[in-house]
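Asker: The structure that follows is given in the form of structure tokens.
Where a number appears in this text, it was derived from the coordinates with a stated rule and is not lab data. Given the structure is predicted, the values throughout are model-derived calculations rather than measurements. Neighbour counts run over all protein chains shown; Cβ positions are idealised from the backbone, glycine included.
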Amino acid sequence: MKRRERTRQLIELGGLVAKAGIVELTDDDRAAILGLLVEAAARLRSD
């Protein structure tokens, strides 16, 4: 059951990335998307 919940969460989070337009902006460059998310997390931690 936990695995199914985790899979659903990951799919929903991926949907948010797509809805934000990040996929198109980065031309589906997953390394760039990861870099953006890491940078955002660092900024949120520092605030």
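Asker: Any idea how far apart ALA41 and THR26 come out in nm if each label point goes 7 Å out from Cα toward Cβ?
Answerer: 1.2
Asker: To the nearest 20 debye, what charge dipole does the chain have about its Cα centre, counting +1 at the Cβ of each Lys and Arg and -1 at the Cβ of each Asp and Glu?
Answerer: 480
Asker: Which value at 222 nm does the chain reach when only helices count, each DSSP H run of 4 or more adding -39,500 (n - 2.57), with the total divided by all residues and rounded to the nearest 500 deg cm²/dmol?
Answerer: -26500 deg cm²/dmol
Asker: Report, to two decimal places, the Cα Rg of the chain normalised by 2.2 N^0.38 Å (N = number of residues).
Answerer: 1.33
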